[in-house]
Amino acid sequence: MTTMQQFITIGICVFGTVLTRCLPFFIFSSKKPTPVYVQYLGKALPSAIFAMLVVYCLKNVSIFSGSHGISEAVSIIAVVALHIWKRQMLFSIAGGTICYMLLVQFIFTQ
């Protein structure tokens, strides 16, 4: 990519990010109550996205080869334990990711 193409790409990404962050404040006024379907999506989507992330991360795990999914199972247990302990989703995900990376790099090396 040329320098100009890099600037254009970065500019488009910045514009898209700012637009998606600011658009809800323009669409939903603070003077009106938030629509019921938006409240429902706010409650349902985080769990649905987290479940989809779990399925995506475990789709290629084989219990019949390699480390037999032990590092994945230990990391899932770490995520659950951290979430029960702190109730912080990002902390739980980061802790599970770090646990998995340490297990794969140092314990279950191939």
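Say we look at segment 83-99 and pick out the residues that are within 15 Å of P46 (Cβ to Cβ) and in a helix (DSSP H, G or I); which of these is farthest from the chain's Cα centre (by Cα)? Walk me through it before giving the result.
At the first step, the residues of segment 83-99 found to be within 15 Å of P46 (Cβ to Cβ) are 83, 87-93.
Keeping just the survivors that are in a helix (DSSP H, G or I) gives 83, 89-93.
On the way: H83: 14, M89: 9, L90: 8, F91: 11, S92: 11, I93: 7 Å.
Among those residues, the one meeting the criterion is H83.
Here G69 meets each of (1) open to solvent by 60 Å² or more (accessible area, probe 1.4 Å); (2) on the phi > 0 side of the Ramachandran plot with one exception, condition (1). Determine whether segment 59-69 contains at least one residue that is part of a helix (DSSP H, G or I) and out of contact with any Cys (no Cβ under 8 Å at 6 or more places or on another chain). There is no residue in segment 59-69 that is part of a helix (DSSP H, G or I) and out of contact with any Cys (no Cβ under 8 Å at 6 or more places or on another chain).
Consider segment 11-48 and keep the residues that are at pLDDT 90 or above and open to solvent by 100 Å² or more (accessible area, probe 1.4 Å). The one that is nearest to G96 (Cα to Cα) is K43. Just one of (1) open to solvent by 60 Å² or more (accessible area, probe 1.4 Å); (2) polar (S, T, N, Q); (3) in a loop (DSSP other than H, G, I, E, B) fails for Q105. It is (3).
Taking V79, is it open to solvent by less than 80 Å² (accessible area, probe 1.4 Å) and not in a helix (DSSP H, G or I)?
On the way: open to solvent by less than 80 Å² (accessible area, probe 1.4 Å): yes; not in a helix (DSSP H, G or I): no.
Considered against the rule, which asks whether it is open to solvent by less than 80 Å² (accessible area, probe 1.4 Å) and not in a helix (DSSP H, G or I), V79 comes out as no.
M4 meets the conditions (1) open to solvent by 100 Å² or more (accessible area, probe 1.4 Å); (2) modelled with pLDDT under 95; (3) of a type outside the set (V, I, T) in every case but one. The failed one is (2).
The values are calculated or read from the model by the stated rules, or taken from the named source; none is laboratory data. Keep in mind the model is a prediction, meaning the values are calculated, not measured. All Cβ positions, glycine included, derive from the backbone under ideal geometry; neighbour counts span all protein chains shown. Calculation scope for accessible area: heavy atoms of the full protein, side chains included, ligands and nucleic acids excluded. Shrake-Rupley method; radii C 1.70, N 1.55, O 1.52, S 1.80 Å.
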